[in-house]
Amino acid sequence: MFSNSKNFLGCCLCFFLFLFFLNDSSLFATDNKGCNRIGMYLEYKPAYFYPQDKVFRDIYSGGYITLGEIGYFVNCNYFLWLESGYFRKEGTINGIDLNVKSTITQVPLALGLGYAYQIKPRFDMYVKIAPNYLYTNTSQKSPFLEPKISKHTAGVTFGLGGKIKFSWFLVDLFANYRYDKKTVHDYISDITFHRYLGGFDFGVGIGGRF
């Protein structure tokens with residue numbers, strides 16, 4: 001999707017600078033009268049994870065991921081957010097040692113900035129961006145493969161969604177993209193290749209505002 005993480009970060013930075021200057025214009029001058037978003041929120045966000053990498057999908061396919069998010073609106077538009085999650089899935093590595101069973105575990109963590117815009121009194125649209133950290137662990141039983149492999153990856157998380165508000169309670173329809181590219185070197189074949197350990201999250205979160 002992007003040639004490298006630096007290009008992705010540059011595009012996202014330009015986008016948020018655009019929002020920052022746009023927020024000072026008359027277009028948003030009356031939108032936030034009576035704003036009640038300032039403060040903390042907390043969400044539980046179950047989702048479907050669709051891996052970006054084809055090899056990842058061939059072995060494990062997609063699956064359920066549990067996400068949780070806590071955030072704070074510093075004003076009517078901008079908010080800080082922290083999100084973490086847990087993904088675990090069993091799969092099969094075909095063509096090696098009569099199809100090896102493998103289990104993957106991932107724990108993503110992101111901390112960043114978001115921007116929300118009120119469409120209706122009870123409905124907000126938002127976008128957000130953050131640097132992320134991704135822990136990935138795979139385990140398999142085969143004489144041809146390492147029994148456990150752990151990877152630590154730094155990348156970028158980009159998200160968008162819409163929140164429906166009912167007093168303190170909220171429902172969040174969201175989509176995330178996690179860009180986490182890892183360079184891997186196979187010492188047996190002496191080949192270096194790239195794997196994309198992130199992907200797309202699609203889900204519905206529930207939470208509250210405090």
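The values are calculated or read from the model by the stated rules, or taken from the named source; none is laboratory data. On a predicted model such as this, the values are computed, not experimentally measured, just so you know. When we count neighbours, we look across all protein chains shown, and the Cβ atoms used for this are built from the backbone with ideal geometry, even at glycine.
Just wondering, is there one or more residues in the range 68-82 that are of a type outside the set (S, T, N, Q), under 14 Å from the mean Cα position of the chain (by Cα), more than 24 Å from Ala116 (Cβ to Cβ) and crowded, with 17+ Cβ neighbours inside 10 Å?
no
Can you list residue pairs whose Cβ atoms sit under 7 Å apart, with the first residue in the range 49-65 being farther than 13 Å from Phe87 by Cβ and the second being at pLDDT 95 or above and not in a helix (DSSP H, G or I)? Count only pairs 6 or more apart in sequence or on different chains.
Filtered contacts from the range 49-65: Gln52/Gly198; Gln52/Gly199; Arg57/Pro51.
Which of the residues spanning the range 62-112 are assigned to a strand (DSSP E or B) and touching a helix residue (DSSP H, G or I) at 6+ places or on another chain (Cβ under 7 Å)?
Of everything in the range 62-112, those that are assigned to a strand (DSSP E or B) and touching a helix residue (DSSP H, G or I) at 6+ places or on another chain (Cβ under 7 Å) turn out to be Lys89, Gly91, Thr92, Ile93, Ser102, Ile104.
Among the residues of the range 72-106, which ones are of a type in the set (A, V, I, L, M) and either farther than 17 Å from Gly159 by Cβ or touching a His at 6+ places or on another chain (Cβ under 8 Å) (or both)?
Val74, Ile93, Ile96, Leu98, Val100, Ile104
Among residues belonging to the range 118-169 that are of a type in the set (Lys, Arg) and assigned to a strand (DSSP E or B), point out the one that is surrounded by the most Cβ atoms within 10 Å (Cβ to Cβ).
The residue in question is Lys128.
State all residues of the range 138-154 that are basic (Lys, Arg) and at pLDDT 85 or above; if no residue qualifies, say none.
Of everything in the range 138-154, those that are basic (Lys, Arg) and at pLDDT 85 or above turn out to be Lys148, Lys151.
Out of the range 83-106, which residues are within 17 Å of the chain's Cα centre (by Cα) and among the small types (Gly, Ala, Ser)?
Within the range 83-106, Ser84, Gly85 qualify.
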